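Visitor: Mind having a look at this structure? Questions to follow.
Laboratory data are not the source of any read-out in this text; all were calculated from the coordinates shown. Every value quoted in this text rests on a predicted model; they were computed, and no experiment measured them. As a convention, Cβ positions derive from the backbone with ideal geometry for all residues, glycine included, and neighbour counts pool all protein chains shown.
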Amino acid sequence: MPEVSKSFHSNEVEVSISEVIDGIYRIAGFVETYGITFNQFLIQDENPILIHTGPIGMYRRIEEKVREVINLEKLAYVAFLHFESDEWGGMEFLKSPRVKLVCSDLSSKLNLTGWYNVPTDHISFWDNEVLKTGKRTFRFIMTPHVHHWDSMMIFEETTKSLFTSDLFIQPGDNKPILSEDLSDQMIQLYKAVGIFGSEEPVRQTTKRLVKLEPKITFPMHGSCIDATMFSSYTDAIMNNKFAYSGNLLGQKVPIIT
Ligand SMILES: [Fe+2]
Ligand SMILES: [Fe+2]
């Protein structure tokens, strides 16, 4: 039997919170096993939203940080951007009395239907649909095969904040916003981990994201990227090979030729 990863099933991961821009908080824990931070984003508004919950083992510490900003009873939405435990393993947030689960239409059809004991009460969004939380407007961008076929991203229009999930991630435990260019490290990380089946869908999405001219980008792992650094990461995606080539989570997979 393979050993169960303790990093996810214990509460040993230290979690910190910082306000990245007005009312948008990054709640980050560094997971040593993978050498990356797991980031959640809490966005304050009349109806606050949390993007990602972290895996179950980090949930309590993340919840403590959410409570430093809002009363948990106020939390209105929890969004996950594709179906993986780091994106929404901390399901206990759904016990908050008002909270609604938010996901892509594909996640809804593929992953929130047909399971035993998975919550079915949720709202799902197709490409370009919006969710208003008060002053803010969240636009949903479907990004199929940018990692998974149900993947989506979110663009908050009033602040031009872009939530890219596993695109533009970087290794290390760095500051909430980093002015150092880690795009080479991003490419090396993608090659080692093997999360993209091919470059083409990722590049198509990247071209679309560039047109949005985000002021700040919030990847799920690593630091936030301000507008001055954004082109380093998009250029790296457009000009390098980074798709799966026989490595999964840093381990070689036998290739039959
Ligand atoms: Fe992922
Ligand atoms: Fe992730």
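Visitor: Using modelled amide H (1.01 Å from N, peptide plane; none on Pro or chain starts), what sits under 5 Å from the amide H of S104, excluding residues fewer than 5 places away?
Guide: F125
Visitor: What chymotrypsin sites (Phe, Trp or Tyr not before Pro) in segment 213-257 are in a loop by DSSP, with at most 16 other Cβ atoms within 10 Å of the Cβ?
Guide: Values: sites: F230, Y233, F242, Y244; in loops: F242, Y244.
Sparse-neighbourhood loop chymotrypsin sites (Phe, Trp or Tyr not before Pro): Y244.
Visitor: Which trypsin sites (Lys or Arg not before Pro) from segment 164-249 combine a DSSP loop assignment with at most 10 other Cβ atoms within 10 Å?
Guide: For trypsin sites (Lys or Arg not before Pro) across segment 164-249 that sit outside H, G, I, E and B with at most 10 neighbouring Cβ atoms in 10 Å, the list reads K241.
Visitor: Now for a different question. Using helices alone, I'd like the mean residue ellipticity at 222 nm for the chain: each DSSP H run of four-plus residues gives -39500 (n - 2.57), total over residue count, nearest 500.
Guide: Computed mean residue ellipticity for the chain: -7000 deg cm²/dmol.
Visitor: Then there's this: Residue by residue, what Karplus-based ³J(HN,Hα) values in Hz, rounded to whole numbers, does segment 26-37 have, using 6.51, -1.76 and 1.60 with θ = phi - 60° and x for Gly and Pro?
Guide: Computed from phi, the couplings for segment 26-37 are 9, 10, 10, x, 8, 9, 4, 3, 9, x, 9, 8 Hz.
Visitor: Related question: Can you pull out the chymotrypsin sites (Phe, Trp or Tyr not before Pro) in segment 124-158 that DSSP calls coil and that have at most 10 other Cβ atoms within 10 Å?
Guide: Here no chymotrypsin sites (Phe, Trp or Tyr not before Pro) fit, given the DSSP loop and packing criteria.
Visitor: Same structure, new question: Of the DSSP beta bridges with both residues in the chain, give the percent that are antiparallel, rounding to the nearest 5.
Guide: Antiparallel: roughly 65 percent of the beta bridges in the chain.
Visitor: Using the Karplus curve 6.51 cos²θ - 1.76 cosθ + 1.60 with θ = phi - 60°, what ³J(HN,Hα) values do you get for each residue of segment 147-154, in whole Hz, with x for Gly and Pro?
Guide: Result, rounded to whole Hz: 4, 10, 6, 9, 5, 9, 10, 10.
Visitor: Amide H to amide H under 5 Å from I36: which residues, 5+ apart in sequence or cross-chain, H placed 1.01 Å off N in plane?
Guide: V31, G172
Visitor: Let me ask something else. In terms of modelled amide H atoms, which long-range or inter-chain residues lie less than 5 Å from the amide H of V13?
Guide: The answer is none.
Visitor: Run the numbers on the chain and let me know its relative contact order in percent, using alpha-carbon pairs under 8 Å that are six or more apart.
Guide: It comes to 15 percent, rounded to a whole number.
Visitor: Hey, what do the phi angles of segment 182-199 turn into as Karplus ³J(HN,Hα) couplings, whole Hz, using 6.51/-1.76/1.60 and θ = phi - 60°, x for Gly and Pro?
Guide: Taking θ as phi minus 60°, the curve returns 10, 5, 5, 4, 4, 4, 4, 4, 4, 5, 6, 8, x, 8, 10, x, 7, 6 Hz for segment 182-199.
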